[in-house]
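Take a look at the structure set out below.
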Amino acid sequence: MKKTVENFIHYLKVERQLSPHTLTNYQRDLNQAIEYFNEQDIHSWLGIEIHQYRAYIARQHRKNLSGKTIQRQLSSLRRLYEYLIKEQLASNNPLKGLKAPKTGRKLPKAPGIEQIEHLLQNNDQDLLHIRDRAMFDLIYSSGLRLSELTGIDCIDIKLQDKQLRVLGKGNKERELPIGRKAIEALEKWLKVRGNLAKSDEQALFVSRFGTRITQRGVQQRLQKLAIDQGLPIHLHPHMLRHSFASHLLESSGDLRAVQELLGHADISTTQIYTHMDFQHLAEVYDKAHPRAHKKK
């Protein structure tokens, strides 16, 4: 079973070119399944039946794993069987139609417009602060993932066209618009970038050492900025992406356009922001409607 998983991971890495993070998730999910089935004296992926997978799901559920985690584990197993069928090593997928127990879907926290404005009003002329302003303005302007931000090279930015090219999940490229405020911040950063970046460095955003900034470095700088600005929330870069999506959807109502901008393969992933918008409307209703709240 382990050898099969090794071959599968190699296939995902070489032919599908999945990210190291995604490969780690696949490896972990499949190793957990191997451990369980070995305990049941099962040592081959072939011949495992649906009732045995139901028992596995029940065991995972008893371990207090969330429905989302179990669903991801089932997805990893399904992909493994699809690979086996493709390689003509298996004739059917025993997990077809099998679903994880549902759990409540948590809404992502998103800073409000006033909080975003307060965060990005930093006018410090220090090199790192100029860079930070450009990074965070760009995330909020274009709805970037953290990995997309750190992966941007100077050649990917077309300020005259107000466009940005990013490499998203699954190595899928997409062109994104850049807002006016972000363009201003980027122009300011590009004027001084050469004072920090090494001569042969292609990355748009660099660390104080002159090389491409890491994802952890971006997280730390955003946390520092939030503390310096006195914001009462624990900020991480993905929350700026959430704010981009929820504010854009609230203004436009165009779910398909937001899906394209975010680079979501499945629109159901984007639909969570419609729930966020409804939650906002519900809060307004509860506060304002005369028969929705108790009289004082």
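Every number in this text was worked out from the coordinates using simple rules, so none of it is lab data. What you see is a predicted model, and the numbers here were worked out from it, not measured in a lab. Don't worry about glycine lacking a Cβ; one is built from the backbone with ideal geometry, like all the others, and counts go over all protein chains shown.
The table that follows gives values for the structure above.
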quantity: Gap separating the Cα centres of the stretch 126-152 and the stretch 11-33, nearest whole Å; calculated: 28
quantity: Charge dipole (debye, nearest 20) of the stretch 113-284; +1 at Cβ of Lys and Arg, -1 at Cβ of Asp and Glu; calculated: 580
quantity: Three-way shape label, the stretch 120-215, alpha-carbon gyration tensor, a/c 1.5; calculated: oblate
quantity: The chain: calculated mean residue ellipticity at 222 nm from DSSP helix runs of at least 4, using -39500 (n - 2.57); calculated: -17500 deg cm²/dmol
quantity: Average Cα contact separation per residue, the stretch 2-86, under 8 Å, 6 or more apart, as relative contact order %; calculated: 34
quantity: Listed candidates (i) 20.8; (ii) 16.0; (iii) 14.3 - label of the one calculated as mean projected area of the Cα convex hull in nm²; calculated: (i)
quantity: Mean Cα-pair separation over length for the chain, i.e. relative contact order, pairs under 8 Å, 6 or more apart, %; calculated: 15
quantity: Peptides 235-242, 208-215 ordered by average Cβ neighbours within 10 Å, highest first; calculated: 235-242, 208-215
quantity: Long-range amide H partners of PHE205 with built H, under 5 Å; calculated: ILE213
quantity: Prolate/oblate/rounded label for the stretch 2-86 (Cα gyration tensor, a/c 1.5); calculated: oblate
quantity: Rounded tilt (10° steps) of 180-192 against the dominant C-alpha axis of the chain; calculated: 80
quantity: Between helix 215-228 and the chain: long-axis angle, C-alpha atoms, 0 to 90°, nearest 10; calculated: 50
quantity: Tally of Lys pairs whose C-alpha atoms are under 19 Å apart, taken over the stretch 151-235, 8 or more apart or cross-chain; calculated: 9
quantity: DSSP loop GluC sites (Glu not before Pro) with at most 14 other Cβ within 10 Å: longest gap in the chain; calculated: 88-296
quantity: In degrees, nearest ten, helix 50-62 long axis to first principal axis of the chain (Cα); calculated: 50
quantity: Mean separation of Cα contacts under 8 Å (6+ apart) over length of the stretch 113-284, as relative contact order %; calculated: 23
